[in-house]
1. What percent does the relative contact order of the stretch 10-221 come to when contacts are Cα pairs within less than 8 Å and at least six residues apart?
2. Testing the spin-label approximation: label points 7 Å from Cα along Cα→Cβ at Ala266 and Ala115. State their distance in nm.
3. Taking square-rooted eigenvalues a ≥ b ≥ c of the alpha carbon gyration tensor, is the stretch 25-120 rounded, prolate or oblate, where a/c under 1.5 means rounded and, failing that, a/b exceeding b/c means prolate?
4. Putting +1 on Lys and Arg Cβ atoms and -1 on Asp and Glu Cβ atoms, find which of Val156, Leu118, Gln140 reaches farthest to the positive end of the dipole of the stretch 42-197.
5. Write down the radius of gyration of the stretch 225-285 and its Dmax, each obtained from C-alpha positions, in Å.
6. Which value, in nm² and rounded to one decimal, describes the direction-averaged projected area of the C-alpha convex hull of the chain?
7. Find which of Val203, Val166, Gly80 sits farthest along the positive direction of the dipole of the chain, computed with +1 on the beta-carbon of Lys and Arg, -1 on that of Asp and Glu, about the Cα centre.
8. Determine the dipole magnitude for the stretch 165-222: charges of +1 sit on the beta-carbon of Lys and Arg, -1 on that of Asp and Glu, nothing else is charged, the reference point is the Cα centre, and the result goes in debye to the nearest 20.
Amino acid sequence: MNATPPGAAVGIDGLRKHFGDVRAVDGIDLVIAPGEVVALLGPNGAGKSTTVDMLLGLSKPDSGSVTVFGQAPRDAVRSGTIGAMLQDGALLPDATVGETIALVAALYAKPLPVAKALDRAGVADLVGRRCGKLSGGQRQRVRFALALVSDPDVLVLDEPTVAMDVETRRQFWRAMREYTSTGRTVLFATHYLEEAEEFADRVVLMRAGKVAADGSVAQIRATVSGRTITAVVPGAEVGALRVLPGVRDAEVRAGRITLACVDSDAALRALLTQFPLASDIEITAVGLEDAFLALTAQESA
Ligand SMILES: Nc1ncnc2c1ncn2[C@@H]1O[C@H](COP(=O)(O)OP(=O)(O)O)[C@@H](O)[C@H]1O
Ligand SMILES: [Mg+2]
């Protein structure tokens, strides 16, 4: 059975890949519509690269399926429908950047002109440089040019900015913005929250081989957001705290209570009414960072 609707840019259906006891990808379903820019966000070991590899036909699922505009991954790669920038793709050290791009361009029926691919990746000035002489960040952007040269409809990037300094990273995302503004589909893996927040329309949060949350950044944040109240409350029990209005979850540790709130005003009023001895009260907002930690920590034990 295939749940992927026709016309989807990417359809991932019941995807699994195990390495011995490690369930690297443990049942993923995902449909990406044309034009979506999706961040695959998750901590190290979450299964992002394993997913990306199967999407590109570099490894075979144990079960489930992947399609790219209805094609099998290998066919999509061969036809240039999907392009990729991988974490550790090697470059020939003695070839120049221009030669390297030209070599790869020759594999495709309708490649971009080399100069254009370089320009889009923001590395036009490196055309004559030998690949062995590139800095880490430059190498990443040359890989980006390689990913663009087939003029793909779907671009997949695995932690594209890892080796980049701040300025290079900014240039990279500027180039990406231009690319995505033409309506292309992008899936990028990252463990940088800020990148997901800033550049993706949609965030798919992975944890231990599964999708832990899927939605806009705002939606992801809302699943764990709100505010947190901490206070010293003598004699308070978790059961009584959890049922306070406005409280989603409660915890008591070393005499201090922590309330995760959906409505901190209501929670605070109720807390003070029922526990008038509450003292040392603090209220903090939950950021995306906290949301990320909460979502990736749950059930990992
Ligand atoms: N070739 C492999 N052999 C054995 N284990 C692997 C292999 N590739 C990945 N893993 C394991 O699968 C899990 C997911 O890895 P990976 O997909 O690389 O995560 P991520 O890219 O999110 O950091 C990790 O526990 C990793 O150690
Ligand atoms: Mg990875």
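1. Details: 436 pairs, mean separation 63.1, N = 212.
For the stretch 10-221, the relative contact order is 30 percent.
2. 6.4
3. Working: a/c = 2.02, a/b = 1.65, b/c = 1.23.
Judged from the Cα gyration tensor, the stretch 25-120 comes out prolate (a/c at least 1.5, a/b above b/c).
4. Farthest towards the positive end: Leu118.
5. 9.8, 27
6. Details: hull surface 74.9 nm².
Projected over every direction and averaged, the Cα hull of the chain covers 18.7 nm².
7. Gly80
8. Details: 9 positive and 9 negative charges, 39 e Å.
Charge dipole of the stretch 165-222: 180 debye, to the nearest 20.
The values are calculated or read from the model by the stated rules, or taken from the named source; none is laboratory data. Note that this is a predicted model, so its numbers are computed, not measured. Ideal geometry is used to build each Cβ from the backbone, glycine not excepted, and the neighbour counts take in all protein chains shown. Note: accessible area is taken over every heavy atom of the protein model, side chains too, but ligands, DNA and RNA are not part of it. Shrake-Rupley method; radii C 1.70, N 1.55, O 1.52, S 1.80 Å.
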